[in-house]
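The values are calculated or read from the model by the stated rules, or taken from the named source; none is laboratory data. Source: prediction; values computed, not measured. No Cβ is skipped: glycine too gets one built from the backbone with ideal geometry, and neighbour counts run over all protein chains shown. All accessible areas refer to the heavy atoms of the entire protein, side chains included, with ligands and DNA or RNA removed. Shrake-Rupley method; radii C 1.70, N 1.55, O 1.52, S 1.80 Å.
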Amino acid sequence: MAAYGLYTHIRSNRRRSVALLIGLFFLVYLMTFAGALVAEAFLDDRASFETIVSRAVSDLFASAPFVTIATAIWIVIAYRFHQSMIDALTGGHEVTRRDQPRLYNLLENLCISRGIPMPKLKVMDSSALNAFATGLNQKQYSITVTSGLVERLNDAELEAVLAHELTHIRNGDVRMMVIAVVIAGVVSFAAEIFFRVMLRGGIRVGGGGSSGGSSDRKGGAGAAILLAIVVIAVAWFLSLVIRFALSRSREYLADAGAVELTKNPDAMIMALRKIENRGELEGVTSAVMEMCVDNPQSGIADLFATHPSIDSRVDALVRMAGGHDPGPLAALPEPDHIDTKDTGADGEPPSSEPSQRGPWSPLPSPGSIGPWGPR
């Protein structure tokens, strides 16, 4: 179905995401079939290849209910504890208006402008420039930003990044990504266990002589094990591709959503340019990096990149939202430190500069509005 405009693209993307997640569940059963092939090959290494495959299919159907229950339990565990695990990994801690008045007020204003509940706000102590959103439901949603991002971005740029992450939450991207990472994690874990057993057990799939020992698989058994290896490798590869597709296609929509919320494409563009090549979070897994504004750990090939390049995202904002690109920044300007002791009664820091456009500001000129038009 063709998509026209921002909101129809969001709905179309959600449908594709659901289809991809169904595909991830299919991969779990594919891994189960591979395990059944190996088990049957070891139980009867004299059976023909066709017999082993037939028995493995029967085993798959017999074990499907248990596999489904085990996968559901894994999802429930992730549902309850994924945020705690991410916080333990990143060191993110929740902040209040008293702790971070500038950051808190920016996010609160964005939420009020759209009448949506405010997610938890967390700060991760890191000099890197990045942010990410997590959560599976309204009570769990949270946005985490690095201390480096808070320090290096001005109010308009920081607001744009918060709007970007808030758009991920509004569009349901965060929930989809968490579920995809959880299920893909099952596939990756099973594949790693299998190949470790294969390597340490000295399993050979060749058709050597009968005196080759118990680890020598002959005839149909060897072919079945080889098929299992291929199936596991394909499942693992597809799980990675699906995870990349889930995160990659959403970044353009989140950038557009940030511009829609802030009415300031230049702020989003400048934020991306400042984050460019400065967002790598040390000590975190690739799954967390896939949720970030930018993932500098992406591969060089577009197929394996979890995020579109900053250049392509900026180009889209320039063409579609009328923004202005300053080009890559070789160095960042020194941050303007804000003395929190001088904040007003409402927690807002004083500023001698004219106020920058926010969610309630007048719309820009018609020529600078993107294809989704004024609200």
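Structure above, values below:
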{"item": "Subset tally (residues that are over 30 Å from V181 (Cβ atoms) and open to solvent by 50 Å² or more (accessible area, probe 1.4 Å)) for the stretch 21-43", "result": "2"}
{"item": "Any pair with Cβ under 8 angstrom, 6 or more apart, that starts in the stretch 151-177 at a residue that is in contact (Cβ under 8 Å) with a residue 40 or more places away in the chain and farther than 19 Å from Q83 by Cα and ends at one that is part of a loop (DSSP other than H, G, I, E, B) and among the basic types (K, R)", "result": "A156/R357"}
{"item": "Unmet requirement for R278, which otherwise passes all of (1) under 21 Å from T90 (Cα atoms); (2) open to solvent by less than 40 Å² (accessible area, probe 1.4 Å); (3) modelled with pLDDT of 85 or more; (4) not hydrophobic (A, V, I, L, M, F, W, C)", "result": "(2)"}
{"item": "Selection from the stretch 83-97 of residues that are open to solvent by 60 Å² or more (accessible area, probe 1.4 Å), of a type outside the set (V, I, T) and not in a helix (DSSP H, G or I)", "result": "H93, E94, R97"}
{"item": "Candidates E151, E165, E192, filtered to the one that is open to solvent by 10 Å² or more (accessible area, probe 1.4 Å) and either within 17 Å of R102 (Cβ to Cβ) or polar (S, T, N, Q) (or both)", "result": "E151"}
{"item": "Residue within the stretch 233-255 that is of a type in the set (V, I, T), open to solvent by less than 20 Å² (accessible area, probe 1.4 Å) and modelled with pLDDT of 80 or more present", "result": "no"}
{"item": "Verdict on A131 being small (G, A, S) and in contact with a His (Cβ under 8 Å, 6 or more places away or on another chain)", "result": "yes"}
{"item": "Where V318 falls short, out of the listed (1) in a loop (DSSP other than H, G, I, E, B); (2) open to solvent by 40 Å² or more (accessible area, probe 1.4 Å); (3) modelled with pLDDT of 90 or more", "result": "(1)"}
{"item": "Failed item, numbered, when Q140 is tested on (1) at pLDDT 95 or above; (2) assigned to a loop (DSSP other than H, G, I, E, B)", "result": "(1)"}
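Yes/no per residue for (1) open to solvent by less than 50 Å² (accessible area, probe 1.4 Å); (2) in a helix (DSSP H, G or I):
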residue: A47; (1), (2): yes, no
residue: I52; (1), (2): yes, yes
residue: T68; (1), (2): no, yes
residue: I73; (1), (2): no, yes
residue: V76; (1), (2): no, yes
residue: F81; (1), (2): no, yes
residue: D99; (1), (2): no, no
residue: S113; (1), (2): yes, yes
residue: F132; (1), (2): yes, no
